[in-house]
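Student: The structure under discussion is supplied below as structure tokens; questions concerning it will follow.
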Amino acid sequence: MSDNRKKAKPAAKTWVKVIKGIIRWTWVPIACVAALFIGLSIGYVYIGKQPMNEVFHLSTWRHLFDLIFANT
């Protein structure tokens, strides 16, 4: 006799499901943060002709904020 029954797939491991769930819920925020850093770098370094290490200094962005909202 031939056995034409399909074999059941083994159940996925719990840790694999957890990892897939974490990736499913965090890839959009991670992509947004990455896009923010890439945009800051492009705007500040290539368009603004400033050094790359100043992009991540808080004093740079405070100065920019003060320039924008000086008269308000």
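The values are calculated or read from the model by the stated rules, or taken from the named source; none is laboratory data. The structure presented is a predicted model; accordingly, all values stated were derived computationally and were not measured. Note: areas computed on protein heavy atoms with side chains; ligands, DNA, RNA excluded. Shrake-Rupley method; radii C 1.70, N 1.55, O 1.52, S 1.80 Å.
Student: Taking the conditions exactly as written (open to solvent by less than 80 Å² (accessible area, probe 1.4 Å), more than 16 Å from the chain's Cα centre (by Cα) and modelled with pLDDT of 90 or more), does residue 43 satisfy them or not? If you could, list the steps in order and put the result at the bottom.
Tutor: Values: open to solvent by less than 80 Å² (accessible area, probe 1.4 Å): yes; more than 16 Å from the chain's Cα centre (by Cα): yes; modelled with pLDDT of 90 or more: yes.
Considered against the rule, which asks whether it is open to solvent by less than 80 Å² (accessible area, probe 1.4 Å), more than 16 Å from the chain's Cα centre (by Cα) and modelled with pLDDT of 90 or more, residue 43 comes out as yes.
Student: Now a separate question. Can you tell me which of (1) open to solvent by less than 90 Å² (accessible area, probe 1.4 Å); (2) modelled with pLDDT of 90 or more; (3) of a type in the set (Val, Ile, Thr) is the one residue 30 doesn't meet?
Tutor: Of everything listed in (1) open to solvent by less than 90 Å² (accessible area, probe 1.4 Å); (2) modelled with pLDDT of 90 or more; (3) of a type in the set (Val, Ile, Thr), residue 30 misses just condition (1).
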